[in-house]
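All remarks here apply to the structure that follows.
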Amino acid sequence: MPASLYTPAAMASSDRFLLAGVMGWPVMHSRSPMLHNYWFRRHELAGTYIPLAIRPEGLAAALRALHPLGFAGCNLTIPHKQQAMSVLDEVDTVARRIGAVSCVVVRPDGSLAGTNNDHYGFIYNVRQAHPDWRADAGPAVVIGAGGGARAVCYGLMEAGARRILVINRSAERAAALAAEFGGPIEALPWAQRHDALEGAALLVNTTSQGMVGQSPLDLRLDRLPLRALVADIVYTPLRTPLLAAAGQRGNRTVDGLGMLLHQARPAWAAWFGIQTEVTAELRAMIEATI
Ligand SMILES: NC(=O)c1ccc[n+]([C@@H]2O[C@H](COP(=O)([O-])OP(=O)(O)OC[C@H]3O[C@@H](n4cnc5c(N)ncnc54)[C@H](OP(=O)(O)O)[C@@H]3O)[C@@H](O)[C@H]2O)c1
């Protein structure tokens with residue numbers, strides 16, 4: 001635990017010690033402690049954010065222990081994001097729609113509320129990188145239909161996207177997403193992924209392809225307009241083969257790290273009532289670990 005969180009100034013100016021954490025199994029690879037503890041230091045607050053290695057069978061008890069232990073809340077990561085829904089006292093419509101809880105808030109009466117902030121992370125990352133970006137600039141093509149895709153689609157819909165083409169290797173998963181979300185979402189077969197890029201204003205990879213240890217995403221960019229923005233939610237490596245190819249041909253790109261950083265901001269607002277910033281210093285600090 002960084003000693004700087006216990007500076008006399010921080011302790012003297014606080015009437016309580018602020019606590020939050022991330023529950024996962026495994027969890028020690030998570031960059032969340034480094035990210036959140038940066039904000040404790042930056043805001044000179046006495047508090048800490050800890051990794052909590054919780055086995056799936058221990059999730060309910062661990063969540064119930066948050067209140068007596070004085071936690072303001074926690075984040076959830078693999079494999080707890082779905083299972084938590086049946087434990088929490090309230091799960092908001094965002095988390096229900098996305099089908100996963102990423103953030104738990106302990107309310108004053110000890111009850112537990114779940115939400116999902118990944119959609120916020122995606123949209124605010126794009127906006128920070130390209131402030132002139134607009135969701136209604138033209139069709140968005142989302143490759144993938146897993147948990148990340150659901151958050152991206154939710155964010156794009158909320159931001160005003162008028163047409164979102166979801167293309168997934170397993171057709172039934174894309175069809176289910178389109179049927180469930182409705183509105184501007186349309187599912188297309190995997191075989192059409194190359195041609196579907198014609199006229200797109202935004203391309204987002206939400207598959208695990210391109211991650212360290214995985215094959216690059218099998219996607220030809222020749223039909224993609226040069227004005228289109230290309231985003232990848234994979235952030236290991238930061239410059240995925242997709243982003244490298246897109247950048248090389250002249251498309252603007254957005255990497256996935258900012259999504260991780262920005263999704264943490266609404267958590268701080270809910271847990272501690274504090275507005276945080278994704279600074280260049282914070283980004284560089286996390287980037288150095290990738
Ligand atoms: N930046 C962030 O904050 C953030 C947030 C969430 C996720 N992510 C990253 O996004 C990636 C996906 O995460 P997730 O939670 O959405 O996982 P997930 O729910 O397991 O979904 C995985 C997706 O990848 C597709 N896929 C897997 N192997 C494939 C292959 N060989 N060819 C084509 N498609 C393939 C799957 O297609 P099928 O349905 O056909 O299997 C599915 O659409 C991970 O790398 C994760 O780290 C980043």
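Using the Karplus curve 6.51 cos²θ - 1.76 cosθ + 1.60 with θ = phi - 60°, work out ³J(HN,Hα) for each residue of region 123-136 in order, rounded to whole Hz, and write x for Gly and Pro.
Residue by residue, region 123-136 yields 5, 6, 5, 4, 5, 5, 6, 9, x, 8, 5, 10, 5, 9 Hz.
Please identify the trypsin sites (Lys or Arg not before Pro) of region 172-246 that satisfy two criteria: DSSP loop assignment and at most 11 other Cβ atoms within 10 Å. Which are they?
R220
So, for the chain, what is the accessible surface per residue at a probe of 1.4 Å, expressed in square angstrom?
Each residue of the chain exposes 44 Å² on average to a 1.4 Å probe.
At q = 0.18, 0.31 Å⁻¹, what is the base-10 log of I(q)/I(0) for region 149-195 according to the Debye formula with one equal point scatterer per Cα and no solvent? Please give it to two decimals.
Relative scattering, expressed as log10 I(q)/I(0), comes to -0.48, -1.17.
Using θ = phi - 60° and the Karplus relation 6.51 cos²θ - 1.76 cosθ + 1.60, list the HN-Hα couplings for region 254-266 in order, rounded to whole Hz, with x at every Gly or Pro.
These are the phi-based 3J(HN,Hα) values: 9, 8, x, 5, x, 5, 5, 5, 5, 5, 7, 5, x Hz.
Give the long-range amide H neighbours of A231: residues separated by 5 or more places, or on another chain, with amide H under 5 Å away, using H modelled in the peptide plane at 1.01 Å from N.
Under 5 Å from the amide H of A231: L203, V204, N205, V254.
May I have the pair-distance distribution P(r) for the chain, computed from all Cα-Cα distances with 10 Å bins from 0 and rounded to whole percent?
6, 28, 33, 22, 9, 2, 0
To the nearest 20 debye, what charge dipole does region 41-109 have about its Cα centre, counting +1 at the Cβ of each Lys and Arg and -1 at the Cβ of each Asp and Glu? Walk me through the intermediate numbers first.
Values: 8 positive and 6 negative charges, 46 e Å.
The calculation lands at about 220 debye.
Per residue, how much space in cubic angstrom lies within the convex hull of the C-alpha atoms of region 1-151?
142 Å³
If you roll a 1.4 angstrom probe over the protein chains with everything in place, what fraction of the accessible area of the chain belongs to carbon and sulfur, to the nearest %?
The value for the chain is 53 percent carbon and sulfur by accessible area.
Charges at C-beta only: +1 for Lys and Arg, -1 for Asp and Glu. How large is the resulting dipole of the chain about its Cα centre, in Debye rounded to 20?
With only Lys, Arg, Asp and Glu charged at Cβ, the dipole is about 320 debye.
Keeping all protein chains in place and using 1.4 angstrom, which order do R16, R31 fall into by accessible surface area, from largest down?
Heavy-atom accessible area, descending, gives R16, R31.
Take the Cα pairs of region 98-151, get the Kirkwood Rh, then feed it into Stokes-Einstein at 20 °C and 1.002 mPa s and tell me D in µm²/s.
Stokes-Einstein gives a translational diffusion coefficient of 160 µm²/s.
Which Cα, out of G146, G47, P108, lies furthest along the positive dipole direction of region 1-156 (beta carbon charges, K/R +1, D/E -1)?
About the Cα centre, the residue reaching furthest to the positive side is G146.
Looking at M259, V204, A245, which one has the Cα that reaches farthest to the positive end of the dipole of region 184-290 (charges on Cβ: Lys, Arg +1; Asp, Glu -1)?
The residue sitting most towards the positive pole is A245.
Using a Gaussian network model on the chain with a 10 Å cutoff between Cα atoms, which of G210, G155, G182 fluctuates the most?
The residue with the greatest mean-square fluctuation here is G182.
Percent of Cα-Cα pairs per 5 Å bin, from 0 to the last occupied bin, for region 61-139, please list those.
3, 15, 23, 18, 14, 10, 8, 6, 3, 1
Translational diffusion coefficient of region 142-239 at 20 °C, 1.002 mPa s, Stokes-Einstein with Kirkwood Rh over Cα pairs, in µm²/s as a whole number.
This corresponds to a translational diffusion coefficient of 158 µm²/s.
Cβ neighbours within 10 Å, averaged per peptide: list 18-24, 130-136 in order, most packed at the top.
Highest mean packing first, the order is 18-24, 130-136.
Measure of size requested: the Rg and Dmax of region 32-80, with Cα atoms as the atom set and Å as the unit; please supply both.
12.2, 36
Out of A200, A269, A228, any idea which swings most in a Gaussian network model of the chain, alpha carbons joined below 10 Å?
Maximum among the listed residues: A269.
In the neighborhood of L217, defined by Cβ-to-Cβ distances under 11 Å, what is the net charge if each Lys or Arg adds +1 and each Asp or Glu adds -1?
+1
The values are calculated or read from the model by the stated rules, or taken from the named source; none is laboratory data. Bear in mind the structure is a predicted one, so any value in this text is a computation, not a measurement. Virtual Cβ from ideal backbone geometry, glycine too; neighbours counted across all protein chains shown. We work out accessible area using only protein heavy atoms, side chains counted, and drop any ligands, DNA or RNA first. Shrake-Rupley method; radii C 1.70, N 1.55, O 1.52, S 1.80 Å.
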